[in-house]
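The values are calculated or read from the model by the stated rules, or taken from the named source; none is laboratory data. Just so it is clear, the model here is predicted, and its values are computed rather than measured. Virtual Cβ from ideal backbone geometry, glycine too; neighbours counted across all protein chains shown. The area values use the complete protein model at the heavy-atom level, side chains included, leaving out ligands, DNA and RNA. Shrake-Rupley method; radii C 1.70, N 1.55, O 1.52, S 1.80 Å.
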Amino acid sequence: MQSLRLLNNINMNLLIPLKALLEYKSVTLAAESLGIAQPTMSKYLAQLRDVLGDQLLVRVGSTMQLTPTALNIQMPLSHVLSGLNDIFSANYNPHSDKREFIIACPDYVSAYVLPDVLNSYFNDRSQISFHIINWDIQARSLLLDGLIDFVITIDEDFSPNFIRKIIDKDDWVVVMCQQHPLANQESISLDELLSQPYAKAITGGGSSKQVDRYFQNRRLKRNIKLMTQGYIPMYSAIRGSELISIVPKHQAVNMAHDYG
């Protein structure tokens, strides 16, 4: 912070005139480029000479030349002004962005959520591209290495230094095929739930930790017959079988249409 305090004594309005003077090597041309009067630019030059303790522009024969100090600060000054311009014009424009965004998410999200989110970018104007990968143990490693832009998941197992944002909340529900013996019951007891064969989807290198934790904390054990890498294989297995599963409600509502 000590070095930044020096800036309090410097008129930042001099930076743009300084750039013009170093670029045009002429008070007259620098003034014209900024649309200001020559006496005003001469005043700026005098102030800059006083602040920097250097003449900046000196006459050599019939021309004005930059001093060694002026030559040394020309490139850093350009970088500073460019950086300031980026800061104060930081309105993101997706139509000029040419990046590829790498998104990791479970297969359910890539199949049922991302199309609605990304469709607006799939047009001739947008130059953005997307690389969608499955949220599995390999993707988790890529995330830790900083090689993935962001992840969409219900997983909670992340270190505090990860930036996270809750985009929605939901309830847990039980899913089963329409022909399941319990499908038409108004309520299902805990004993009935625990007696059923379960299917469980694994994402992000782990399982449904919230659901698992609920049963483990109560010392209850489910009869897990099938574990799948992703949700869609799990729903395919549940369809036409006696397997049941516990999933987020919005997911169950969407999948019910396609998987019965």
* Structure fact -> Dividing the helical contributions, -39500 (n - 2.57) per DSSP H run of n ≥ 4, by the residues of the chain yields a 222 nm value, nearest 500 deg cm²/dmol, of -12000 deg cm²/dmol
* **Fraction of beta bridges assigned by DSSP in the range 174-260 that are antiparallel (%, nearest 5)** => 30
* To do: Might you tell me the accessible area per residue for the chain, computed with a 1.4 Å probe and given in Å²?
  => 65
* Structure fact -> Descending packing, highest mean Cβ count within 10 Å first, for 251-259, 155-163 is 251-259, 155-163
* If the cut-off is 23 Å between C-alpha atoms, which lysines fall inside it for Lys165, apart from same-chain ones fewer than 8 positions away? -> Lys209, Lys249
* **Label-point separation, Leu14 to Gln229 (7 Å along Cα→Cβ), nm** => 6.4
* Structure fact -> Taking a ≥ b ≥ c as the square roots of the eigenvalues of the Cα gyration tensor, with a/c under 1.5 meaning rounded and otherwise prolate when a/b exceeds b/c and oblate if not, the chain is prolate
* Asked: Based on Cβ point charges of +1 for Lys and Arg and -1 for Asp and Glu, what charge dipole magnitude is obtained for the chain about its Cα centre, in debye rounded to the nearest 20?
  -> 680
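Could you work out what % of the accessible surface of the range 105-144 is carbon and sulfur, using a 1.4 angstrom probe and leaving DNA, RNA and ligands out of the count?
Using a 1.4 Å probe with all protein chains present, the range 105-144 comes out at 54 percent carbon and sulfur.
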* Name all residues of the range 109-150 having a backbone nitrogen under 14 Å from the label point set 7 Å from the Cα of Lys98 along its Cα→Cβ direction, giving them as ranges. => 126-129
* Cα shape, the range 91-233, gyration tensor, a/c 1.5 rule -> prolate
* Structure fact -> Looking only at aspartates and glutamates whose Cα falls under 19 Å of Lys19's and that sit 8 or more positions away or on another chain, we get Glu32, Asp50, Asp54, Asp86
* Of the residues Phe150, Phe130, Phe215, which exhibits the maximal mean-square fluctuation in a Gaussian network model of the chain defined by a 10 Å Cα contact cut-off? -> Phe215
* In the range 34-77, carbon and sulfur make up what percent of the accessible area (probe 1.4 Å)? -> 57
* Gap in Å between the Cα centre of the range 195-260 and the Cα centre of the range 75-124? -> 35
* Three-way shape label, the range 18-82, alpha-carbon gyration tensor, a/c 1.5 -> rounded
* Would you mind getting me the FRET efficiency between Leu220 and Leu182? Use the beta-carbon distance for r and R0 = 22 Å, nearest 0.05. => 0.80
* Structure fact -> With a 1.4 angstrom probe the carbon and sulfur portion of accessible area for the range 154-260, in percent, totals 49
